[in-house]
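Each remark here refers to the structure printed beneath this line.
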Amino acid sequence: MNYLRPMMNKLTLICFCALLFHSCALLRSGGNQKGWINLFNGKDLSGWTIKIHHHEVGDNYGNTFRVKDGIIQVRYDQYDKFNERYGHLYFDQPYAHYHLQLEYRFTGRWRTDAPSYTIKNSGVMFHSQDPRTMPKEQDWPISVEMQFLAGLGDGKPRPTGNMCSPGTDVIFQGKIDPRHCIESTSKTYEGEQWVKAELIVRGDSLITHIINGDTVLQYSKPQIGGGVANRFDPKVKIDGTPLRSGFIALQSEGQEIDFRNIRLKPLK
C-alpha cells in the first residue's frame, strides 16, 4: 500500500492549495458572507414601497421602477412630461446600525424637462421618514442622501458619494454644515460603468461613505433640520431631533439609472 502514499500526499497538497485560494478570495471580497441580507430578490419589487411626488404612496407612475435581468431599473419612457415627479423606492424595514452595499450605473437617457442639476444624478436616501407619513405633494423625504453623480464629459471633476440633506442637518468637521450638499473626495466616474457604493451607518453617530473600496466622506450626528424638503407634515419635521434610524430608498429624479447587488449587514 506504500505506493498510494505519494498520491495521497499530492491530493492533500492540492486540497490545501484550493482551500488557501478560496480563503484569500474571501478576504479580498471583504470576508465571508455571514450576516448579509439581500434587500432585492432579483425578480420583483416585493418588500419595497414606492412614493413619487404628486402621487399617492404605492403608485408606480409610468412604471418608473421596474425589474429586468436581476436589475432595478429607473425609466421614464412612459412619461408624458416629468413635472417634478421625484420618486423614491423604499425598502420596507427601517434600520439604525448597518453596512449597506450596492452597485449603480447611469444609462444614457435623461429627461430634458427635468431640472438641469438632475443630469447623471441620483442617490440612495437613508434615515428617511416613512413614506406613509409623506403628503401627496411633498417633494423630497426628510432624510440623508448618499448622492451619486457621473462626469459630464467636459473634463471637470464631479465626485460621487457626496452627502445631501433634504430636511436634515449633519455635523461636518466639528459643526453643523449649512450646505445642502457636501462633496466627497472620490474621483470622477464617466460613462455608464458600474460603481460600487457602500454606506456604514452608526445610528445618530458616525456615517461613512465608500466608493469602489475607498472611504470618501465621513460626518456625524444626522438630525432633522434645514430646508429643501417642501410641503411636509409639520408634525413630522421637528428640527433638532436626532436621526437614529429610518428607511432606505433608491432615488429617481429625471436620469435613468440601474441598481443591483443591494445588500445590508446589520451592525451591533
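The values are calculated or read from the model by the stated rules, or taken from the named source; none is laboratory data. Worth saying up front: this structure is predicted, and the values here are computed from it rather than measured. No Cβ is skipped: glycine too gets one built from the backbone with ideal geometry, and neighbour counts run over all protein chains shown.
Points worth noting:
- So residue 254, is it at pLDDT 95 or above, in contact with a helix residue (DSSP H, G or I) (Cβ under 6 Å, 6 or more places away or on another chain) and crowded, with 20+ Cβ neighbours inside 10 Å: yes
- Those residues of segment 147-179 which are out of contact with any Asp or Glu (no Cβ under 8 Å at 6 or more places or on another chain) and farther than 26 Å from residue 109 by Cβ, in sequence order: 167, 168, 172, 173, 174, 175, 178, 179
- Residue among 250, 267 that is in contact (Cβ under 8 Å) with a residue 60 or more places away in the chain, over 14 Å from residue 133 (Cβ atoms) and more than 15 Å from the chain's Cα centre (by Cα): 267
- Checked against (1) under 17 Å from residue 133 (Cβ atoms); (2) acidic (Asp, Glu); (3) not in a loop (DSSP other than H, G, I, E, B), residue 258 passes all but condition (1).
- Some residue of segment 32-44 being within 23 Å of residue 198 (Cβ to Cβ), touching a Ser or Thr at 6+ places or on another chain (Cβ under 6 Å) and at pLDDT 95 or above: no
- The residue that is farthest from residue 185 (Cα to Cα), counting only those in segment 208-239 that are more than 21 Å from the chain's Cα centre (by Cα) and acidic (Asp, Glu), is 233.
- Selection from segment 229-261 of residues that are on the phi > 0 side of the Ramachandran plot and of a type outside the set (D, E, K, R): 240, 246, 254, 261
- Verdict on residue 235 being over 22 Å from residue 131 (Cβ atoms) and either surrounded by 19 or more Cβ atoms within 10 Å (Cβ to Cβ) or of a type in the set (D, E, K, R) (or both): no
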